[in-house]
Amino acid sequence: MLTSVVTNIKMVRTIPKGFELIWRILYYFIAVVLLFSGISKIIDPTPMMETMKVAFKVNESLLILTATFLPIIEIALGLMLVFNVQTKKVLFAVTVLFFCFFVFSVYGTIIGLNNDCGCFGNLVKGEFGLVMIIRNSGLFIVALLIAMIDRSQIIIKKKLFNKVQI
C-alpha cells in the first residue's frame, strides 16, 4: 500500500510583515530613481557634461563616453530591479553607484562647484551643497539597507518533505 506522508512543514518569517511592504516600496523607489535619472540624462546630457568638464580635467571624448554610458547603466540597473534579475548583484552595483554619487557630491561641494550637477538632466535642479549631500547619502543608505537585507528573509519559506511508505 502506497501512502504519502507530509512531514516537516515549516513556515518561517524572520521579517515582520509590515517591514516587507516598506522594503518593497524602497526597492521600487530605488528602481524608479535610477530609471528617471537615466532617462532624464539621455533627454538632456548637457548639465552633466558641463559639471564633469568643470570637475574633471579629462579628454572630451572620455566625457562623452561617460555621458553616454552612465544613463544606460542607470536604466539597465533600474530595469533589472523592476524585473528582479540577479537582484543581489544589481543591488550591490546600485549601492556602489550611489556611493560614488555621494562621494562626488561631497567632492563637488568641497571644491566649490556651484552649478547644476546634471543628476536628473534639466528636469530637476540639483546644485552642489548640503542638500545634495543629504540626498545622495540617503539614496546610498537606502540602497545599502535593501542590499543587506536578504530578500529570502521576507518571503515565507515552506519546506515540504514527502516520504513514500510501502
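Just so you know, all these numbers are worked out from the coordinates, no wet-lab data involved. Just so we're clear, the structure is a prediction, and the values are computed from it rather than from any experiment. Every residue, glycine among them, receives a Cβ derived from its backbone with ideal geometry; neighbour counts consider all protein chains shown.
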Phi to ³J(HN,Hα) by Karplus 6.51 cos²θ - 1.76 cosθ + 1.60 over the range 128-134, Hz, x for Gly, Pro: 5, x, 4, 4, 5, 4, 5
task: Work out from phi, with θ = phi - 60° and the Karplus expression 6.51 cos²θ - 1.76 cosθ + 1.60, the ³J(HN,Hα) of each residue of the range 97-109, listed in order in whole Hz, and give x for Gly and Pro.
output: 4, 5, 5, 4, 5, 4, 4, 5, 5, 5, 4, x, 5
- prompt: So how do 26-37, 57-68, 131-142 stack up, highest first, on mean other-Cβ count within 10 Å?
  reply: 26-37, 131-142, 57-68
- request: Express in nm, to one decimal, how much length is gained between Val103 and Phe69 on full extension, taking 0.36 nm for each residue of separation and deducting their alpha carbon distance.
  value: 10.3 nm
- line: Each label sits 7 Å from Cα toward the beta-carbon; between Val58 and Glu20 the label points are separated, in nm, by 4.4 nm
Under 5 Å, built H, 5+ apart or other chain: amide partners of Glu127: Cys117
